[in-house]
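The values are calculated or read from the model by the stated rules, or taken from the named source; none is laboratory data. None of these values were measured; they are calculated from a predicted model. When we count neighbours, we look across all protein chains shown, and the Cβ atoms used for this are built from the backbone with ideal geometry, even at glycine. The area values use the complete protein model at the heavy-atom level, side chains included, leaving out ligands, DNA and RNA. Shrake-Rupley method; radii C 1.70, N 1.55, O 1.52, S 1.80 Å.
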Amino acid sequence: MSAPMSPPVLETRAVTRDYETGGFPRPRKTIRALKGVDLQVRRGRTLAVVGESGCGKSTLARIITLIDAPSSGEVLIDGQPVDLRAGLSREMRRKVRIVFQNPYGSLNPRQKIGDVLEEPLLLSTSLSAPERREKALAMLARVGLKPEHANRYPHMFSGGQRQRVAIARALMVNPDLLVLDEPVSALDLSVQAQILNLLQDLQEEFGLTYVFISHDLSVVRHVADEVMVMRLGEVVEYRSRDEIFAAPEHPYTRTLFAATPKIDLERIRARLAAKASRARGA
Amino acid sequence: MALLEIRNLSVSFETTAGRFFAVQGLDVSVDEGEVLAVVGESGSGKSVAMLAVMGLLPDTATVSADAMRFEGRDLLGMTPRQRRALSGRDMAMIFQEPVASLNPCFTVGFQIVETLKRHTKLSGSARRARALELLTAVGIPEPERRYASYPHQMSGGQCQRAMIAIAMACSPKLLIADEPTTALDVTIQKQILDLLLNLQTESGMALVLITHDMGVVAETADRVIVQYQGRKMEEADALTLFEAPRHPYTRALLSALPENAVGGRLPTVAVGDWGVRT
Amino acid sequence: MTESAASPPPVSPLLENWRYFARSRGAVLGLTIFLAMVLMALLAPLIAPHEPNLQYRDALLTPPAWTEKGRATFLLGTDAVGRDILSRILHGARYSLGIGLVVVSIALTSGVVIGLAAGYVGGKLDALIMRLMDILLAFPSLLLALVLVAILGPGLFNAMLAIAVVLQPHFARLTRAAVLAEKNREYVVAARVAGAGHLRLMFRTILPNCLGPLIVQATLSFSHAILDAAALGFLGMGAQPPTPEWGAMLAEAREFITSAWWVVTMPGLAILITVISINLIGDGLRDTLDPKLKRS
Ligand SMILES: Nc1ncnc2c1ncn2[C@@H]1O[C@H](COP(=O)(O)OP(=O)(O)OP(=O)(O)O)[C@@H](O)[C@H]1O
Ligand SMILES: Nc1ncnc2c1ncn2[C@@H]1O[C@H](COP(=O)(O)OP(=O)(O)OP(=O)(O)O)[C@@H](O)[C@H]1O
Ligand SMILES: [Mg+2]
Ligand SMILES: [Mg+2]
């Protein structure tokens with residue numbers, strides 16, 4: 001790993017985020033979606049964020065990707081505090097990338113997939129058009145799509161294919177920090193395996209740092225170095241993967257683990273038998 | 001008689017490289033009160049097949065089938081008007097991309113009430129009460145406040161639950177749920193699945209569940225269809241599928257579970273033809 | 001599967017768009033008519049049977065050739081001072097099409113840029129620009145155009161400029177509204193994260209998604225432009241008689257509506273056909289640019 005003295009790639013200090021809702025004719029209201037989040041990720045590591053739906057994971061993702069400014073608190077990239085209001089340098093922009101939770105919304109409906117993938121190269125490298133094309137096609141192949149897909153528009157893809165396009169776009173230029181908001185939720189097991197392996201390869205090769213938001217605990221267990229469990233805008237547990245999976249401390253973490261669906265042949269057998277007998281009874 | 005019966009369904013798109021079959025020769029039948037899971041490769045035509053059933057594919061798609069019947073009524077021969085009356089009331093669908101399928105211009109409450117208005121005879125206040133009840137049922141906290149929220153003010157999972165509430169609004173006979181719990185954490189996923197299963201035992205609703213989560217399949221499905229490149233590879237009851245999968249593709253798929261990682265790498269499924277004609 | 005493995009040879013975007021455009025019969029029809037009009041306008045001196053301003057004193061208000069009293073030399077009849085209507089329409093096409101194209105181009109370009117800036121930047125600039133547009137829209141358009149021509153001095157080009165200024169706020173408002181709807185969409189944020197600068201976000205990312213209503217507005221504005229130009233001409237502020245401009249022809253012929261229908265009908269038809277062809281082209285263009293209607 002990196003030298004112990006180098007600052008973490010990403011650090012947040014007491015980050016909060018308020019949303020205003022309501023307004024005419026209803027009274028205005030402020031909701032605090034994040035209630036002071038502190039985290040640190042070192043180079044080449046993966047932080048997994050899990051938590052209740054609506055607890056502020058995507059909000060956090062937008063803040064650490066420097067899209068939205070926190071309502072209070074501080075975000076540091078490579079040890080430097082970032083002030084969005086003062087504008088962002090190109091260099092800073094290049095460092096962080098995001099894969100949005102909602103891949104369809106994050107793809108321009110009038111842009112062909114090939115152009116989607118080439119855009120980051122066009123904007124931050126000086127490659128020629130054929131070189132960009134070649135890189136885009138190579139990345140398409142790495143996420144399991146075909147070259148002819150480059151000429152299609154986003155609405156012509158399946159949910160999982162769009163998700164892969166979104167991942168491919170984020171990987172086109174090597175970022176330092178990649179925030180992935182539910183990147184494999186719409187993928188079948190085999191493609192999921194392919195993508196997870198790809199992420200791992202890139203991490204080993206270029207020392208990428210990931211913040212990985214997911215609901216799938218088996219995936220989290222596979223990818224994470226540290227795990228952060230959130231609930232209602234607060235961090236309830238934040239420890240290394242092995243510790244948390246060996247002995248979850250917070251009751252909510254335990255509830256999460258207990259609710260994970262399992263493949264248990266006996267239970268399937270019992271369930272099907274119960275249903276059959278109900279059907280006979282009816 | 002099966003509630004939904006489809007024989008030899010094919011859906012194709014015109015592409016510059018010729019005709020592309022997203023679904024080819026698919027047979028599906030769903031009985032009342034049954035939970036059918038559809039799993040398979042991403043892009044294998046699961047969503048497209050179900051959208052064909054709902055009659056919601058874009059004009060660029062060509063649909064053909066030997067038979068497509070719902071409660072014995074021929075879906076292909078229906079006028080668009082009859083079809084619209086059916087979908088939303090007797091047949092409902094939860095779409096794969098929740099944020100994209102909600103109308104951004106209206107509040108979530110309004111969108112549920114609209115569905116109720118179109119398909120039921122409830123009075124205005126009864127509709128509102130029912131909408132709140134549905135939001136509570138899908139586990140959205142503070143339903144009164146959420147009632148007046150716009151889709152962009154909600155998290156991905158909250159939008160997904162709102163979609164589920166809309167789909168369940170009229171107690172359909174057939175509910176097609178396209179990856180309904182992808183954006184939900186496992187506790188809420190459990191709550192939603194229990195809700196769907198309850199509805200299904202109580203009212204005999206049939207449920208078609210498209211999912212990638214084998215755990216969900218194991219905990220809910222009666223029967224499973226495995227799809228690959230637009231074709232059905234295997235159809236089996238849930239127990240057989242996990243105990244003794246017959247098709248090599250199914251076996252390969254199950255082996256890619258993250259639990260099966262060796263030395264930090266996941267086994268992947270080689271792109272093969274798995275008996276699909278090329 | 002049935003997909004071929006090799007990636008298809010890249011087609012130039014222009015050619016590809018043309019293919020989609022060509023699939024719509026209406027659009028091709030519209031384009032054909034419009035090109036025919038342009039050709040007619042260009043060849044007017046060669047194909048017109050008469051001088052457009054030559055007055056045949058012995059043939060005042062001759063009806064079209066196919067009617068009872070018609071004369072074969074005046075195919076579409078003559079007007080009150082005995083000028084051949086067909087020749088005037090052919091020559092007039094030069095002015096009228098030119099006016100329409102120039103006015104719409106100026107109004108569209110400036111309106112889009114202003115609207116984009118207002119919607120994208122927002123805040124004070126938006127408020128300022130939109131109040132300005134409101135002021136422009138508050139005046140009756142003809143009156144405003146008149147004032148502008150009075151300031152700029154009479155003449156066809158100044159009249160066109162004035163009409164463009166009057167039509168421009170419609171484009172600006174439309175663009176701004178569409179930009180406001182699009183600019184907070186996630187794909188715009190995604191492009192920003194990918195490193196796109198403001199200009200790229202405005203013109204490459206957002207603008208293409210706002211084109212639909214703009215195209216419709218542009219085709220509608222075309223006829224407005226022709227008619228407004230005629231009105232200005234009528235008031236002595238635009239093209240001066242005897243310039244054979246369609247709108248002016250219409251205006252001059254008003255008093256004969258009941259007695260000599262062809263004098264009004266013929267230039268009216270010319271305008272109508274042009275406008276319809278442009279509308280067809282506009283519809284085709286909108287569909288061509290809509291990815292939802294494309295094959296992959
Ligand atoms: N623009 C907004 N206006 C008002 N409230 C918002 C807005 N965006 C998000 N929220 C609220 O903030 C909270 C956190 O949302 P966020 O999208 O971060 O959740 P999440 O953890 O990503 O959930 P999920 O797993 O369901 O995607 C939610 O309660 C949501 O309703
Ligand atoms: N409008 C369209 N034009 C062309 N091809 C399309 C269109 N819509 C879908 N397809 C193609 O049809 C195939 C099947 O898509 P479908 O959405 O059914 O996949 P899926 O099985 O639901 O996958 P996922 O699990 O990723 O959602 C995909 O290869 C997709 O690219
Ligand atoms: Mg989220
Ligand atoms: Mg799908």
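Only the Cβ atoms of Lys and Arg (+1) and of Asp and Glu (-1) were treated as charged; on that basis the dipole of chain B about its Cα centre amounts to roughly 900 debye. Temperature 37 °C, viscosity 0.692 mPa s: under these conditions the Stokes-Einstein estimate for the stretch A:185-235, based on its Kirkwood radius over C-alpha pairs, is 268 µm² per second.
Please work out the average accessible area per residue across the stretch C:43-295, using the 1.4 Å probe convention, and give it in Å². All intermediate terms of the calculation are to be shown ahead of the outcome.
Details: 11220 Å² over 253 residues.
Using a 1.4 Å probe on heavy atoms only, each residue of the stretch C:43-295 averages 44 Å².
Among DSSP beta bridges lying fully in the protein assembly as shown, give the percent that are antiparallel, nearest 5.
60
Rounded to the nearest 500, what is the protein assembly as shown's calculated 222 nm mean residue ellipticity when only DSSP H runs of at least 4 contribute -39500 (n - 2.57) each, over all residues? One gets -15000 deg cm²/dmol as the mean residue ellipticity at 222 nm. Provide the net charge surrounding B:G230, with neighbours chosen by a C-beta distance below 10 Å and charges set as Lys +1, Arg +1, Asp -1, Glu -1. Net charge in that neighbourhood comes out at +2. Here the Gaussian network model covers chain C, with springs between Cα atoms less than 10 Å apart; of C:I276, C:I257, C:I99, C:I257 fluctuates the most. Taking only the alpha carbons of chain B, we obtain Rg and Dmax values of 19.2, 61 Å in that order.
Kirkwood radius and radius of gyration were both taken over the C-alpha atoms of the stretch C:43-295, and their ratio Rg/Rh is 1.09.
Here the Karplus relation 6.51 cos²θ - 1.76 cosθ + 1.60, evaluated at θ = phi - 60°, turns the backbone of the stretch C:243-259 into coupling constants of 3, x, 9, 4, x, 5, 4, 4, 4, 5, 8, 4, 5, 9, 3, 7, 8 Hz, with x for every Gly and Pro.
Assign one of three labels to the stretch A:222-282, namely rounded, prolate or oblate, based on the Cα gyration tensor with a ≥ b ≥ c the square roots of its eigenvalues; rounded applies when a/c is under 1.5, prolate when it is not and a/b is larger than b/c, and oblate otherwise. Judged from the Cα gyration tensor, the stretch A:222-282 comes out prolate (a/c at least 1.5, a/b above b/c). Rg of the Cα atoms in the stretch C:8-77, relative to 2.2 N^0.38 Å, amounts to 1.86.
Screening chain A for whole DSSP H helices of 30 Å or more along their axis (Cα) with average Kyte-Doolittle hydropathy at least 1.6 returns none. Taken over the protein assembly as shown, the percentage of Cα pairs per 20 Å bin, counting from 0 up to the bin with the maximum distance, is 13, 39, 30, 14, 4, 0.
Pairwise Cα separations in chain A fall into 10 Å bins from 0 onward with the following percentages, short to long: 6, 25, 31, 23, 10, 4, 1, 0.
State whether the stretch B:181-231 is rounded, prolate or oblate according to the following rule on the C-alpha gyration tensor (a ≥ b ≥ c being the square roots of its eigenvalues): a/c under 1.5 gives rounded; otherwise a/b larger than b/c gives prolate, and the remaining case gives oblate.
Oblate is the answer for the stretch B:181-231, as a/c is 1.5 or above yet b/c matches or exceeds a/b.
Its Cα gyration tensor gives the stretch C:179-296 an equivalent ellipsoid, and the semi-axes of that ellipsoid, as √(5λ) in whole Å with the largest first, are 44, 17, 9.
Distant-in-sequence amide contacts of B:I94, defined by a placed amide H-H separation under 5 Å and a gap of 5 or more residues or a different chain, comprise B:I176, B:A177, B:D178. Interface area, chains C and A: about 2700 Å² of buried accessible surface, summed, with a 1.4 Å probe and ligands, DNA and RNA left out. Relative to the Cα centre, the charge distribution of the stretch C:109-215, modelled as +1 at Lys and Arg Cβ and -1 at Asp and Glu Cβ, gives a dipole magnitude of about 260 debye.
Pairs of Cα atoms nearer than 8 Å and 6+ residues apart set the relative contact order; for the stretch C:180-296 it is 22 percent. In terms of its C-alpha gyration tensor, the stretch A:1-157 comes out oblate, because a/c is 1.5 or above while a/b does not outweigh b/c.
Rounded to the nearest Hz, the phi-derived 3J(HN,Hα) couplings of the stretch A:9-14 under the Karplus curve 6.51 cos²θ - 1.76 cosθ + 1.60 (θ = phi - 60°) are 4, 9, 9, 10, 10, 6, where x marks glycine and proline. Near C:L76, the amide H atoms lying under 5 Å from its own belong to C:A65, C:I85, C:L86; only residues 5 or more places off or on other chains count, and H is placed 1.01 Å from N. In order along the stretch A:227-236, the phi-based Karplus estimate (6.51 cos²θ - 1.76 cosθ + 1.60, θ = phi - 60°) of 3J(HN,Hα) comes to 10, 10, 9, 10, 8, 6, x, 10, 8, 9 Hz; Gly and Pro are listed as x. Taking amide H as placed 1.01 Å from N in the peptide plane, B:L75 has its amide H under 5 Å from the amide H of B:M68, B:R69, B:F70, each at least 5 places away in sequence or on another chain. Relative contact order, whole percent, for chain A stands at 23, derived from Cα pairs under 8 Å and 6 or more residues apart.
Take each complete run of DSSP H in chain C, measure how far its Cα atoms stretch along the helix's own axis, and keep only those covering 27 Å or more with mean Kyte-Doolittle hydropathy at least 1.0; list them. Each step should come with its number before you reach the end.
Numbers: long enough: C:25-47 (31 Å, 2.18); C:85-121 (51 Å, 1.53); C:156-183 (39 Å, 0.97); C:211-234 (34 Å, 1.33); C:261-289 (41 Å, 1.22).
Within chain C the helices that satisfy the rule are C:25-47, C:85-121, C:211-234, C:261-289.
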